[in-house]
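K.L.:
What follows is a structure written as structure tokens; I'll ask about it next.
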Amino acid sequence: MIKKLVILFIYLSSLQVFSQSFYKGALVFDLNTGIDVYGLKFSYKTKNINPPKDTSTTGAAASTNFNFGLEYGLNKWFGLGIKAKFDKYIAGKDSATHSTPTIHGTELALVANAHVVRLPHFDLPLGIDLGYSNLNYHLNDVGNNQIYGNGSYFNLHINPRFYIKRFGFNLNIGVPFITYSSLTSNNVTFNKYILADWKAAGISLGVGIQYRFLSEAAK
């Protein structure tokens, strides 16, 4: 068994010598879509009430997303890039207001990838996204109540990429974390009496395409 693993490792290493799936100076643009499923914890504390009351509720949420990114190869094993992600949360009709909320989110992040497997037509980056997230929650009720939040975004991902020359397609599996530590509203009463935060952790699944610009520098 050990002998077979050694032979496999040597074989994969020999293939990577001739690999051009990722290299120093590569510039990779990707365009993707997917779905995220989150477990949520919403907490709020009343202000100007003695004693203050802390309340926490849990739930779940799902969103579809469209995202794109750009990564540059600092060397053949490591790349840095940027990512923009636009979310549309799936919401049902509210039983109290009889309206359906509109919920959108945006994430802007720096991306760091370790390219642990590089074959002629296959690239396997493992990495992290770290950045900013914004939430816009419109209740669509008669009072036009809206809730806003700015917070942090962190994601662990694995992103297999398949290539036909410079063009290819990819899969994406991630574990995202979003935190809005201070939600605000256009409702003066909400801002006056409530401190609220929203924390989410989930699973992200996506598919997309990518294109690799720039040629490998001559050695």
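The values are calculated or read from the model by the stated rules, or taken from the named source; none is laboratory data. This structure is a prediction, so every number in the text was calculated from the model and none was measured. Cβ: placed from backbone, ideal geometry, glycine included. Neighbour counts: every protein chain shown. All accessible areas refer to the heavy atoms of the entire protein, side chains included, with ligands and DNA or RNA removed. Shrake-Rupley method; radii C 1.70, N 1.55, O 1.52, S 1.80 Å.
K.L.:
Run the numbers for F42 and N191: contour at 0.36 nm per residue of separation, minus the present Cα-Cα distance, in nm.
P.N.:
On the way: separation 149, 0.36 × 149 = 53.64 nm, distance 1.59 nm.
So the extension gain works out to 52.0 nm.
K.L.:
Considering only C-alpha atoms, what is the centroid distance from segment 144-214 to segment 27-51, in Å?
P.N.:
8 Å
K.L.:
Turning to a different aspect of this structure: In straight Cα distance, which aspartates and glutamates are under 15 Å from K41, not counting same-chain residues fewer than 8 positions off?
P.N.:
Counting by Cα, and skipping residues close in sequence, K41 has these aspartates and glutamates nearby: D54, D197.
K.L.:
While we're here: If the limit is 18 Å between Cα atoms, which of K45/K199; K45/K192; K53/K192; K24/K85 go over it?
P.N.:
Working: K45/K199 15 Å; K45/K192 11 Å; K53/K192 14 Å; K24/K85 26 Å.
Table pairs above 18 Å Cα-Cα are K24/K85.
K.L.:
What does the accessible area of E216 come to, in Å² to the nearest 10, when a probe of 1.4 Å is used?
P.N.:
The value for E216 is about 70 Å².
K.L.:
Spelling out what I want: for every residue of segment 174-189, take phi, set θ = phi - 60°, compute 6.51 cos²θ - 1.76 cosθ + 1.60 (Karplus), and round to whole Hz; glycine and proline get x.
P.N.:
Calculated HN-Hα couplings, in order: x, 10, x, 10, 10, 10, 10, 7, 8, 7, 10, 8, 7, 8, 4, 5 Hz.
K.L.:
Suppose we keep just the alpha-carbon trace of segment 38-119; what are its Rg and Dmax in angstrom?
P.N.:
20.1, 64
K.L.:
Would you work out the charge dipole size for segment 45-141 about its Cα centre, treating the Cβ of every Lys and Arg as +1 and the Cβ of every Asp and Glu as -1, and quote it to the nearest 20 debye?
P.N.:
Numbers: 9 positive and 8 negative charges, 27 e Å.
Roughly 120 debye, rounded to the nearest 20.
K.L.:
If you don't mind, another one. Return the sequence-ordered ³J(HN,Hα) values of segment 45-62 in whole Hz as given by the Karplus equation 6.51 cos²θ - 1.76 cosθ + 1.60 applied to θ = phi - 60°, using x for Gly and Pro.
P.N.:
10, 6, 9, 6, 10, 10, x, x, 10, 9, 9, 10, 10, 10, x, 9, 8, 9
K.L.:
While we're looking at this one, here's another question. Kindly report the accessible area of the chain per residue (heavy atoms of protein chains, probe 1.4 Å, no ligands, DNA or RNA), in Å². Don't jump to the answer; show the numbers that get you there.
P.N.:
Details: 12630 Å² over 219 residues.
Value for the chain: 58 Å² per residue.
K.L.:
Moving on to the next point. Could you order the peptides 181-189, 33-41 from most to least packed, using the average number of other C-beta atoms within 10 Å per residue? Provide the component values of the computation, followed by the final result.
P.N.:
Values: 181-189: 14.0, 33-41: 16.7.
Ranking the peptides 181-189, 33-41 by packing returns 33-41, 181-189.
K.L.:
Which whole-number percent gives the relative contact order of segment 142-192, counting Cα pairs below 8 Å spaced six or more residues apart?
P.N.:
Values: 68 pairs, mean separation 23.0, N = 51.
Dividing the mean separation by the residue count of segment 142-192 yields 45 percent.
K.L.:
First select every other residue whose beta carbon is under 13 angstrom from the beta carbon of S56; then total the charges, Lys and Arg +1, Asp and Glu -1. Spell out each step's value before the answer.
P.N.:
Working: positive: K41, K45, K53, K199; negative: D54, D197.
For residues surrounding S56, the net value is +2.
K.L.:
With unit charges on the beta carbons (Lys and Arg positive, Asp and Glu negative) and the dipole taken about the Cα centre of segment 65-219, which residue among L171, N144, F122 sits farthest to the positive side?
P.N.:
Most positive-ward Cα: F122.
K.L.:
Suppose every Lys and Arg Cβ carries +1 and every Asp and Glu Cβ carries -1, with no other charges. What dipole size does segment 79-219 come out with about its Cα centre, to the nearest 20 debye?
P.N.:
I would put it at about 540 debye.
K.L.:
For K93, give me every one of the aspartates and glutamates with a C-alpha distance below 15 angstrom, ignoring sequence neighbours fewer than eight places off in its own chain.
P.N.:
D141
K.L.:
Run the accessible area of segment 77-123 with a 1.4 Å probe and give the carbon-and-sulfur part as a rounded percent. Mind dumping the intermediate values first?
P.N.:
Details: 1680 of 2430 Å².
Of all accessible area on segment 77-123, carbon and sulfur atoms account for 69 percent.
K.L.:
Okay, moving on. For the Cα atoms of the chain, what angle does the longest principal axis make with the long axis of helix 2-17, in degrees from 0 to 90, nearest 10?
P.N.:
Its long axis makes an angle of about 90 degrees.
K.L.:
Now for a separate question. How big is D, in µm² s⁻¹, for segment 83-125 by Stokes-Einstein at 20 °C and 1.002 mPa s if Rh is the Kirkwood radius over C-alpha pairs?
P.N.:
On the way: Rh = 14.1 Å.
The Stokes-Einstein estimate is 151 µm²/s.
K.L.:
With an 8 Å cut-off on Cα pairs and a minimum separation of 6 or more residues, tell me the relative contact order of the chain in percent. Please report the intermediate quantities before stating the final value.
P.N.:
Values: 592 pairs, mean separation 50.2, N = 219.
Over the chain, the number comes to 23 percent.
K.L.:
For K88, give me every one of the aspartates and glutamates with a C-alpha distance below 18 angstrom, ignoring sequence neighbours fewer than eight places off in its own chain.
P.N.:
Those aspartates and glutamates meeting the cut-off are D36, E107.
K.L.:
On to the next question. In whole Hz and in residue order, list the ³J(HN,Hα) couplings for segment 72-79 that follow from phi through the Karplus curve 6.51 cos²θ - 1.76 cosθ + 1.60, θ = phi - 60°; x for Gly and Pro.
P.N.:
So the J values, rounded to whole Hz, are 10, x, 6, 8, 6, 10, 9, x.
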